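For reference, the structure is listed below as structure tokens.
The values are calculated or read from the model by the stated rules, or taken from the named source; none is laboratory data. Just so it is clear, the model here is predicted, and its values are computed rather than measured. Cβ placement follows ideal geometry from the backbone for every residue including glycine, while neighbour counts extend to all protein chains displayed. Protein only, heavy atoms only, side chains kept; ligands, DNA and RNA dropped before computing areas. Shrake-Rupley method; radii C 1.70, N 1.55, O 1.52, S 1.80 Å.
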Amino acid sequence: MSTVIIVVIVVLTVALTIYLSWYNSPKQKGVRGEKYVSDILSELPDEYIVLNDLVYNTERGTTQVDHVVVSKYGVFAIETKNYSGEIYGDDSRKEWTQLFVNKVTYRKKWWKTYTYVTKNRFYNPVKQSWGHVYKIKELLKSYPQLPVIPIVVFGGDVNIDKVESQNHVVYGEELCSVITDYNTEFIKATDVVGVCSVLQNRSVRHLVDNKTHVKNIKSAASKFENAVQSGVCPRCGGQLLERNGKYGKFYGCSNYPDCKFTAK
């Protein structure tokens with residue numbers, strides 16, 4: 001084999017490796033997941049208005065909402081997750097688990113295989129979605145009668161059958177039917193445009209790039225953990241008190257029921 005051919009093979013191999021690393025990066029998976037959900041939402045009837053990639057200022061930095069669907073039947077705050085493998089979690093857990101089960105063949109005994117299990121953890125998307133709901137409700141104080149519904153939608157080669165949630169945690173193909181199942185009118189069709197204007201005008205996406213948003217998230221998480229470890233409620237500044245609950249001991253805010261923050 002000539003030197004030129006070897007060099008070409010090496011260059012192509014390196015280029016392919018770099019491309020696959022980029023393609024499989026969390027950022028690009030997220031981009032593909034949001035595009036996948038955006039395409040699905042485009043199939044909704046014309047009376048639904050879809051807003052994508054909204055960023056809002058919060059007391060802890062910024063929060064990013066992947067998709068918001070506005071209608072006279074309610075506002076739907078949609079959190080997108082483009083994952084693979086099996087997902088385990090429920091509403092109360094701080095983190096959910098992504099599990100991969102792979103069959104690997106022995107090198108010397110090709111007729112034998114063993115099971116290799118990989119686990120990853122990620123922040124509870126239901127809690128994340130409810131955070132978006134609270135922010136949207138704050139922005140839409142002029143429309144107190146309008147419900148804001150959180151939805152977590154998973155794309156990719158994923159299995160969410162083991163997820164236990166009282167909220168909407170769905171596959172992509174179920175998304176539109178979940179939204180259109182809400183059919184009670186809370187505002188007039190003419191008010192939908194006003195709701196959209198509020199949500200769009202308060203978004204600071206044009207001022208905040210992705211790096212700044214991630215930095216804000218990390219900073220907020222650090223302040224949150226420090227407050228909890230110090231016995232201070234990160235939500236209202238009250239004192240965290242040890243209490244006994246159905247599932248064991250936990251810490252609750254001294255300002256309950258005005259503040260319902262809890263931590264384990």
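How big is the accessible area of R60 in square angstrom, nearest 10, if you roll a 1.4 angstrom probe over the protein chains?
130 Å²
Ranking request for peptides 173-183, 125-135: highest mean number of other beta-carbon atoms within 10 Å first, then the rest in descending order.
In descending order of packing, they fall as 125-135, 173-183.
Return the long-range amide H neighbours of T58 (sequence gap of 5 or more, or a different chain), with a cut-off of under 5 Å between placed amide H atoms.
Under 5 Å from the amide H of T58: T63.
Quick one: of K94/K137; K81/K127; K94/K127, which pairs are farther than 18 Å apart, Cα to Cα?
Result: K94/K137 exceed 18 Å.
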